[in-house]
1. How charged is the neighbourhood of A:A19? Take every other residue with its Cβ under 10 Å from the Cβ of A:A19, and add Lys/Arg as +1 and Asp/Glu as -1.
2. Would you kindly state how much longer the chain becomes between B:F191 and B:L357 on full extension, computed as 0.36 nm times their sequence separation minus their alpha carbon distance, in nm to one decimal?
3. Using a Förster radius of 41 Å, what is the FRET efficiency between B:T298 and B:A404 based on their Cβ-Cβ separation? Nearest 0.05, please.
4. What FRET efficiency would be calculated for the residue pair A:I112, B:T429, taking the C-beta separation as r and a Förster radius of 25 Å, to the nearest 0.05?
5. Rounded to the nearest 100 Å², what's the accessible area chains B and A bury against each other, both chains counted, probe 1.4 Å?
6. Roll a 1.4 angstrom probe over the protein heavy atoms and tell me the percent of accessible area of region B:187-277 that is carbon or sulfur.
7. Could you tell me the calculated FRET efficiency between B:I17 and B:E261, based on Cβ-Cβ distance and R0 = 56 angstrom, to the nearest 0.05?
8. Please state the shape class of region A:133-256: rounded when a/c is under 1.5, otherwise prolate if a/b exceeds b/c and oblate if not, all from the C-alpha gyration tensor.
Amino acid sequence: MTAQAQQVPLVEMRDISVAFGGVRAVDGVTVDLFPGEVVGLLGHNGAGKTTLIKVLSGAYQADEGEIFINGEKVNISNPRDARAYNIETIYQTLALADNLDAASNLFLGREIVTSVGLVDDGAMEAEARKIMARLNPNFEKFSAPVSALSGGQRQSVAIARAVYFNARILIMDEPTAALGPHETQMVSELIQQLKSEGIGIFLISHDIHEVMDLCDRASVMKNGKLVGTVDVAEVTDDDLLGMIILGKHPQDKAKS
Amino acid sequence: MTDTSSAPIAVQPRKSIVQTLELDTRLLGMIGAFVVLCIGFDLLTGGRFLTPRNVFNLTIQTVSVAIMATGMVFVIVTRNIDLSVGSLLATCSATMAMMQTWILPDLLGLGLNHPVTAPIAIFSGLVIGGLIGAFQGYLIGYLAIPAFIVTLGGLLVWRNVAWYMTSGQTIGPLDKNFMVFGGTNGTLGAFWSWVFGAIAVLAALYSIWNARRNKLAHGFPVKPLWAEAVMGAIVSGAILGFVASLNAYQIPVRRLKRLFEARGETMPEGYSEAYGLPVSVLVLILVAIGMTIIAKRTRFGRYIFATGGNPDAAELSGINTRMLTVKVFALMGALAALSAVVASARLGNHSNDIGTLDELRVIAAAVIGGTALSGGFGTIRGAILGALIMQSLQSGMAMVGVDAPLQNIVVGAVLVLAVWIDILYRKKTGERL
Ligand SMILES: Nc1ncnc2c1ncn2[C@@H]1O[C@H](COP(=O)(O)OP(=O)(O)OP(=O)(O)O)[C@@H](O)[C@H]1O
Ligand SMILES: [Mg+2]
């Protein structure tokens, strides 16, 4: 990743702070992401990972800090803005409407309509079947509301929604938490493929091995603050664990 | 793609007839309950309940509540409630009555029964209803005041705004053309009712055929052809049976004589004429079709259900849920205005207590019709059937001679019972709420 120095980052979140009442959930965090790169976001429960990416996806407003996309300062004040910048998000909570079926959820907010402007459920289901065949070939429950799906099936629907609409920036908040080994493998392959297409991915995960396998860099957070960002190729599992648990940057170790 | 038996996706287990026809079992249950109710009252009243006359009266009595119940479905599906619809109806009714008895004929000098009076009055009522609804929706959506509180306030405010506007007086008689929307004052007659029935049958058959064609175009499994044919036959039979029973109700001879005298003619001996389909019922049918299309086939409807199912998910999907709330309440307000047209035209005037307690009837109709107060679930046809069941229960008991207090006790108990049965049904079918 030597080329990065002269390249403009796809996304840069600079000095972002978010407070809920008195709690500083995110405190002056700076992260960036280059095209075709996967950046892991690591940290203990409640470290502020979800809050940070929700600022990028338009769900929350930062109290302080700036967001740059391709070097230009942008203002993302709601999820519609984020979608307009081709930012797609797989939320930790999945954000599915339980009473609607998979296709309706996949296209929620971006329905396919007929020439007279009515929603075209047939076309949407056909598209949903195509994308699901790529992600989870065993998926068959297209006419049931998603409340009738298993946790992993629901997660597949959320992933399908994020990758269907030609994202340039993909945010994945623990995308494989509920998936079986085979489906997890398929998501890993999907990430590799999207990466090769030049998409930038923020991957939040608690699985250090997954991060070591899939990510180019990893940013570690602790208590709302950024511990540091490292090249995954230059650190060991234990270095990452140390950063997460002790908040210790591996360079500190080298210095001391 | 014409061979429907080819390429089955999987070996299907044997299906029951209900599954093969893809019938909505909840709707079926409600229709069953309604039929039992009608037959029961018919037996108790010695055959007076299921007469053409009573069927006609039942339908026109149901219209006003049923129109509002379709809007209440959207309100409740988005996890809100509207307690103000009865009062809103009164304010709209007062506005329209004053437009047609005072503002248009006197202030603007159009005189009585001018052809533009009714359209202008109705339009102004719809605008007022829509604006008041939108305002309440703004308080709920943007200022985050609970719908229960906003519309409880509205219940008091709009009832008394209407009182203030009219000084509590009955205002009438209303415009002649306006009165067409009031039950017996405006009916299509036998011939046009049959024309309507024929168009409705063709439209129903077309939509069944079109749905099948769409499924085939995408290669989805379809029902066997005989099942489609059975469904088509049932729907056509129901439509034509309904028209036939309305057409069987003859206009009383004395009333006919008066009609002829008014035209300066004498009635030929042995002349008879049927009422046919009331205009108000036609309005309800159009509202039902329109609202069903909104619910199932428009983005607006899709967002209503998504927001009811998971407001956060809807917001994260880029849906402006606040604006959606404003639109839903504006629609509810406009429908209350439409109900005001039907209700005041049926009375022939605006009375100070018009629409009193309608909010409770409307909410009960929507809930009996399977709308879940927890949000996300509800159908337009269910709400209309709910309104019909409530009205049948009320008129049936009145016919049997049940005392007024006892009538309300029964209606209240039925409401609770219906919701309990619905909960049991959802548990059994594994629907999570
Ligand atoms: N909507 C909210 N209101 C108030 N506090 C919040 C809210 N969302 C998050 N927090 C707080 O902000 C902090 C960071 O939460 P966040 O969800 O970002 O953590 P996380 O790193 O994603 O954790 P996990 O690994 O458990 O998902 C926590 O202390 C949490 O309690
Ligand atoms: Mg999180």
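1. So the surrounding residues net to -2.
2. Here the segment from B:F191 to B:L357 would lengthen by 56.0 nm.
3. Calculated value: 0.45.
4. Efficiency, rounded to the nearest 0.05: 0.30.
5. Details: alone 22150 and 11970 Å², together 31790 Å².
The B and A chains share an interface burying roughly 2300 Å².
6. Carbon with sulfur: 67 percent of the solvent-accessible area.
7. Approximately 0.50, to the nearest 0.05.
8. Numbers: a/c = 2.62, a/b = 2.13, b/c = 1.23.
Judged from the Cα gyration tensor, region A:133-256 comes out prolate (a/c at least 1.5, a/b above b/c).
The values are calculated or read from the model by the stated rules, or taken from the named source; none is laboratory data. Remember, it's a predicted structure, so these values are computed and weren't measured experimentally. Don't worry about glycine lacking a Cβ; one is built from the backbone with ideal geometry, like all the others, and counts go over all protein chains shown. When the accessible area is computed, the model is the full protein with side chains, heavy atoms only, and any ligands, DNA or RNA have been set aside. Shrake-Rupley method; radii C 1.70, N 1.55, O 1.52, S 1.80 Å.
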